[in-house]
Amino acid sequence: MMSEQNNGISRRSVLKGAAVGGIGLAAGGSLLASCGTKDVGPMMWGGRGLEESSVQWHEAVKTAFETATGNTVTLNMNDAGAFQDNLSQYLQGTPDDGFDWMAGYRMQFYSDQGLLEDVSSVWDSIGDQFAESYKIASTGSDGKQYFLPTSWYPWGLHYRKSTMTELGLDPENIANWDDFMKMLEATKKKGLIGYALGDKGGWEAMGTFDILNARINGYQFHVDLLAGKEKWTDAKVAEVFKYFEMMIPYMNKNVLDISWEGMRDLLLQKKCGAMMMGSWFSGDFKTLSQADYDDLWIVPFPEINPTHGRDTIDAPIDGLCVAANGANPEGGKALVEWLASAEGMQARLDSGNTFTSANKGQDTSSYDPFQNQQLAVMGEAKYITQFLDRDTRQDFANPVVAPAIQNFLRAPKDITKILEGVQAQWDALPAL
Amino acid sequence: MTTIVVDKKYKNSQKTKDRVISIFIGFFALAWLFPIAWTIWSSLRPYNDVIANGVFSVPETLNFDNYYNAVRLMKLPMYLTNSFLITFPAVVLTLGFGSLIAFVVSRYSFKFNVALLLFFTAGNLLPQQLVFIPLFKMYLAIGDFFGNRALLYDSIVGVVLIHVAFQLGFATFVLSSYLKTIPKEISESAMVDGASVWVHYTKIILPLLRPPLASLAVLMTTWIYNDFFWALVLMKSDSKRPITSALARLQGEFVTDFNLLAAGAVVAALPTLLIFIVLRKQFVSGLTLGSTKG
Amino acid sequence: MTSTATNATVRRRRSFSPKDRLTLTAFVGIPTAFHILLVWIPAIGTIGLSFTFWTGIHISDIKWAGLQNYNNIFTGTPVFWDAIWHNVIWLVWFGLIATPLGILLAYQIDRQIKGHRFYESAFFVPVVLSLAVTGIIWNFMLQPGGFVQGMLGRDIGNPISIYGNYDINTYVILGIASWRHIGYIMLLYLSGLKSVDSSLKEASAIDGATEWQTFRKVILPTMKPVNIIIIVITVIDSLRAFDIVYMIYGSSTGWPILGILVFQNISGGGMSMKGAAYAVILFVLCIGPMITYLKQSFAEDVK
């Protein structure tokens, strides 16, 4: 009934591959140079994310591509949220040839519908630059590849080192939930927000839910829950929300007023202690100043249940797809091949973008401490999930789970009723 | 004599009441305009000034820097051009088509007249969301039929056409109401003189329709220019979007620089504001025609 | 109107030349075909789709679902009832507060109290602004570091919760919507009032009636056609509300309302056509007011 939700990115090998780096095709741009990418243009590249840092690296990479291959690329930048909402129309209509997208269920749905171009040939060409489990994440249900990974990032507790020093706290050495609560308490006593959260967009709080569920109930339960094999009315899920509720007194008072940008701004303006988020936003800190960027740090969410420790992490993989209905699918394949290769990734790094590459041949010697810390955080985990709204059906994540969590944040006491509603709506979903 | 005295007393107390009412409403009118004034005020202040000194501070400088930057960074000329390219043809086509139907329905007595008017007016009241999914598929299908998928989807033509289709109802209704007030004798004599339908329409009726056409033009321009929904869902290329649909995106992109955003919003609002100020009479009479029947 | 007699004469006399027949067919046919193709056919299509399961992608995948989408909405989707509740509140607010205020304003301005020309423009300006601009203006007023927060003494790091505060956000949203709606109603009513015979108003005043009595007993009844139009517009706009909420909350259900639910469920990624079902429910709710509007506007013609 439900197609395989988890693409099996659960092996340590994934992390080893990315974290080690410097091996193999480190400076291997030359092997890739202009391999079959000449004269297949012009092509269009659909980019996601309108923050200044995002636009900047897209343009830098586009220029690098044009210089390296002599093809012309038109860049079509989009607001990430609107792009996601309208992807179905986008892919059916007149999509760009290559476009930024995500791995996991979100990719599989569209490949199953025939809206994505088969890029197995690209994998044949540069597949050895990626660890095996990335290939699994990029494979559709028919066994062919539809996705090229470029970057990934961990979801973890972000904070400013300077703030923590002032508060006399040491987030790197929180051993369990009690320590975590003590940290939040200490932060609150000093007049700061212990745990910043903004859930106006409906998805931000999923990060907190995901990690609490994984910590308390373990990776397998989390995956099974999102696949519909476990019930939301299970006592285990209620347990998750119990812990969630314990954090509410330490959150900002306007959780439902602000979106992720608001959360980020709270950290930017030193108004909070910790914030659970994916590291993609770090570029915004750099935009503010190098000093602010150097002040930023990340640690995994603390352990709650010793059985599971800190063995799971949300580490969504972002990358590229080629649209089947694009004007120039061959050009699209050439585009994504170059972009996902070590050469393309290097261009992105060179532009100053502080992401962590999915390419195992990536020269990570230029990684700054924060990038290395991201790798360390991801490296510590045994199991990787993609984030709730990428790991389950799209007509469930946003229309059902997002408002459920928002309702919980509004009225925590209603959680039983809310969870019953969630389960009922899952049961009512028509089979795909 | 008593009546006059009573009258005067009544008039005086009424006058004081009126003065109070006027002041009361005046207060509200100013409050009404305040948000707009605040936005314009904010757009004239540089962002750094506000951040440094606070929102209520007396400004160090007031300049048009934000406007200069808004035009530059937000690609406003491109979006405004798109707005124009959508609005102008849409208004012309709507008025043209509307006048054709209104003409036939009010000058000739066909059995289907009322049904047709009912039909168009009802169509105008339909919610936009009711139509979207099949319309999207239809646009793609028509595009494929002519060999160009982007013929209607992600194109200005497609957005123009759906605006026309939706606004036809109102235009038809207003123009036919107006035509009902024009004596039949004019058409009578034309037909007796042997004028063809075409001549009847172009030489006699159309010139008479100038007043409501002007009013409708003003109204339609405002409505179509201000529309948000169609360009949002029917266009994928940012470069083709009109200013109103682009504003949502711009708000996301420049969310932290409020003053810059304010300038962008003011520029976006300028065309309709100008139309309203300059052509207010037409605006009002257009609504009048639409709300009451002659 | 004395056209009935002339009408009859015209009918008898008429016989159209082929050229005329062609012109008439084109005049009526082209716009009508257009309207049917782009409005009515998709509308019927959506109604049909609401009874199916479909991803929205390949037509061959359409599966009949009967009433399952509706069943799901009515019995299995709590946020739907939140949305309906918000639509109802919107309607009640507009009906009992915003629209009457607009009417009262129109009446006072029509009486030409001092400054009435300025007031007429002032209240109407928000109507000519696009809802996108309106959203930005109000986001601007209410955001952290904005005017309202500043007046409440809260700086940018410590704002009070407005859009996320479920005790007050409804009123804030309705306030913003009213900011527009009142001016619109005011102008519609004003234009209707202008056509009321002024001698009626004067006669009433001479008879010693107070302004309020004049309004209630003389003006209001005379304005029956306009009253109906105003009521219909109030109802339909309350049901169709979308733009302002979208500007504030995006497509998340931060403050659910029917229009947002349609939009949220229309984008692909699922198998149900719940979005279509929502749109149909919205449409059905509008039918009553629509028919009232049509009856009022065309009563004479149908006779």
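Of the residues in the range B:109-118, how many are surrounded by fewer than 22 Cβ atoms within 10 Å (Cβ to Cβ) and touching a residue at least 12 places away in the same chain (Cβ under 8 Å)? Here the count works out to 1.
Screening A:Gly114 against (1) within 11 Å of chain C (Cβ to nearest Cβ); (2) outside any loop (DSSP other than H, G, I, E, B) leaves a single unmet condition, (2).
Every residue in the range A:41-84 that is of a type in the set (D, E, K, R) and under 23 Å from A:Trp280 (Cα atoms), please.
Our first condition is that a residue be of a type in the set (D, E, K, R); within the range A:41-84, this holds for A:48, A:51-52, A:59, A:62, A:66, A:79.
Across the range A:41-84, the qualifying residues are A:Arg48, A:Glu51, A:Glu52, A:Glu59, A:Lys62, A:Asp79.
Under the condition of being under 17 Å from A:Phe396 (Cβ atoms), touching a helix residue (DSSP H, G or I) at 6+ places or on another chain (Cβ under 6 Å) and aliphatic (A, V, I, L, M), the residues counted in the range A:181-225 number 2. Looking only at residues of the range C:42-55 that are at the interface with another protein chain (Cβ under 7 Å from one of its Cβ atoms) and within 28 Å of the chain's Cα centre (by Cα), we find that the one that is surrounded by the fewest Cβ atoms within 10 Å (Cβ to Cβ) is C:Gly45.
Taken over the range C:43-67, the criterion of being part of a helix (DSSP H, G or I) and of a type in the set (S, T, N, Q) is satisfied by C:Thr46, C:Ser60.
Matching residues to (1) of a type outside the set (Gly, Ala, Ser); (2) in contact (Cβ under 8 Å) with a residue 12 or more places away in the chain; (3) at the interface with another protein chain (Cβ under 9 Å from one of its Cβ atoms):
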site	(1), (2), (3)
C:Lys194	yes, yes, yes
C:Asp207	yes, no, no
C:Glu211	yes, yes, yes
C:Thr214	yes, yes, no
C:Ile231	yes, yes, no
C:Tyr278	yes, yes, yes
C:Pro289	yes, yes, yes
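The condition (being buried (at least 21 other Cβ atoms within 10 Å of the Cβ) and out of contact with any Asp or Glu (no Cβ under 6 Å at 6 or more places or on another chain)) is satisfied by just one residue among A:Ile298, A:Ile248: A:Ile298. Summed over the range A:202-228, the residues that are without any contact (Cβ under 8 Å) to a residue 24 or more places away in the chain and over 18 Å from A:Ile418 (Cα atoms) give a count of 3. Annotation note: Cβ proximity below 7 Å between a residue of the range C:106-125 that is over 16 Å from C:Leu188 (Cα atoms) and a residue that is polar (S, T, N, Q) and crowded, with 20+ Cβ neighbours inside 10 Å (sequence gap 6+ or interchain) occurs for no pair.
Residues in the range B:52-81 that are within 14 Å of chain C (Cβ to nearest Cβ), of a type outside the set (A, V, I, L, M, F, W, C) and surrounded by 14 or more Cβ atoms within 10 Å (Cβ to Cβ) were compared, and the one that is nearest to C:Gly146 (Cα to Cα) is B:Asn66. If the condition is being in contact with a Ser or Thr (Cβ under 8 Å, 6 or more places away or on another chain) and either at pLDDT below 85 or assigned to a helix (DSSP H, G or I) (or both), then the range A:117-140 contributes A:Trp123, A:Ile126, A:Gln129, A:Ala131, A:Glu132, A:Ser133. Consider the range A:352-369 and keep the residues that are more than 18 Å from the chain's Cα centre (by Cα) and farther than 18 Å from A:Val336 by Cα. The one that is surrounded by the fewest Cβ atoms within 10 Å (Cβ to Cβ) is A:Ser365. Among the residues of the range B:216-238, those that are assigned to a helix (DSSP H, G or I), more than 8 Å from chain C (Cβ to nearest Cβ) and at pLDDT 85 or above comprise B:Leu216, B:Ala217, B:Val218, B:Leu219, B:Met220, B:Thr221, B:Trp223, B:Ile224, B:Trp230, B:Leu234.
The values are calculated or read from the model by the stated rules, or taken from the named source; none is laboratory data. In this text, all values refer to a predicted model and were calculated from it rather than measured experimentally. Cβ sites come from the backbone with ideal geometry, for glycine too, and all protein chains shown count toward neighbours.
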